[in-house]
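> Once you've had a glance at the structure underneath, I'll fire off some questions.
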Amino acid sequence: AFLNKGVKISLKDEAIGKKEIFHYEGGIIEFVKYANKSKDPIHIKPIYFTKTDNGVVVECAIQYNSGYQENVLGFVNTINTVEGGTHVAGFRTALTRAINDYSNKNKMTKNGNLTGDDVREGLTAIISVKVPEPQFEGQTKTKLGNSEVKGIVDSISMSSLQEFFEENPTIARKIIN
């Protein structure tokens, strides 16, 4: 229900008379908030973008918290890719470049570029891609192998993050600090 906004999943256990409904109108925006519910977010409204390129739909929600743990969840056609893959690699590359570009342009760091580990401290991100012909590594479908998806996710994430940082300098500074 998180990965397909607007979908309503209703489960009913007739033996004990219990009913549960899962419905998240905000989709992965609500998912990232849910993943951060026991943490202290440094910006209330998650960063969100969705775009399509070459038949690949990229949807991403990001929210930083005051902790140090990285929590990046990747999904391909609603399959949880627990080992990541090319979509997660493309996102991580773009995130590091976008933050360093903004930081350098605004003279926010004295010691050069931040590392990937630095920019992912306190990060909670949900990356959901819809790929027409997904190629998974292994039988368990835990890692995406499509090489073209890395470039698509990288390009979409980079332009979307740059645009967000330019339009929201207060949040960009909080993230970098």
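The values are calculated or read from the model by the stated rules, or taken from the named source; none is laboratory data. Predicted, not measured: the structure shown is a model, and the values here were computed from it. Using ideal geometry, Cβ is built from the backbone for each residue, glycine included, and neighbour counts are taken over all protein chains shown. The area values use the complete protein model at the heavy-atom level, side chains included, leaving out ligands, DNA and RNA. Shrake-Rupley method; radii C 1.70, N 1.55, O 1.52, S 1.80 Å.
> In this structure, does K5 turn out to be closer than 30 Å to E148 by Cβ and of a type in the set (K, R)?
Here the answer is yes, as K5 does meet what is asked.
> Starting from segment 38-49, keep only residues that are within 8 Å of Q63 (Cβ to Cβ), then list their pairs with residues that are of a type outside the set (K, R) and open to solvent by 90 Å² or more (accessible area, probe 1.4 Å) whose Cβ atoms are within a distance under 9 Å, requiring at least 6 positions of separation or different chains.
H43/T170
> Would you check which residues across segment 57-74 are surrounded by 21 or more Cβ atoms within 10 Å (Cβ to Cβ) and either of a type in the set (F, W, Y) or touching an Asp or Glu at 6+ places or on another chain (Cβ under 9 Å) (or both) and list them?
A61, Y64, G74
> Moving to a separate point now. Quick check: is even one residue across segment 129-144 modelled with pLDDT of 95 or more and within 14 Å of the chain's Cα centre (by Cα)?
yes
> What do you reckon, is K45 part of a loop (DSSP other than H, G, I, E, B) and touching a strand residue (DSSP E or B) at 6+ places or on another chain (Cβ under 6 Å)?
For K45, the condition - part of a loop (DSSP other than H, G, I, E, B) and touching a strand residue (DSSP E or B) at 6+ places or on another chain (Cβ under 6 Å) - is not met.
> Okay, next question. Listed residues V119, V131; which is closer than 20 Å to E70 by Cα and either of a type outside the set (D, E) or touching a residue at least 24 places away in the same chain (Cβ under 8 Å) (or both)?
Just a single option satisfies the conditions, and that option is V119.
> Then there is this: Of the residues in segment 139-150, how many are closer than 17 Å to T78 by Cα and not in a strand (DSSP E or B)?
Matching residues across segment 139-150 total 8.
> Does F75 satisfy the condition of being in a strand (DSSP E or B) and out of contact with any Phe, Trp or Tyr (no Cβ under 6 Å at 6 or more places or on another chain)?
Against the criterion (in a strand (DSSP E or B) and out of contact with any Phe, Trp or Tyr (no Cβ under 6 Å at 6 or more places or on another chain)), F75 qualifies.
> Give me a count of the residues in segment 8-56 that are under 20 Å from the mean Cα position of the chain (by Cα), hydrophobic (A, V, I, L, M, F, W, C) and open to solvent by 40 Å² or more (accessible area, probe 1.4 Å).
So the answer is 3.
> Scan segment 89-115 for residues that are closer than 24 Å to F136 by Cβ and either open to solvent by less than 10 Å² (accessible area, probe 1.4 Å) or small (G, A, S) (or both) and jot them down.
Selection gives A89, G90, F91, A94, L95.
> Determine whether segment 151-173 contains at least one residue that is in a strand (DSSP E or B) and more than 12 Å from A98 (Cβ to Cβ).
No, segment 151-173 contains no residue that is in a strand (DSSP E or B) and more than 12 Å from A98 (Cβ to Cβ).
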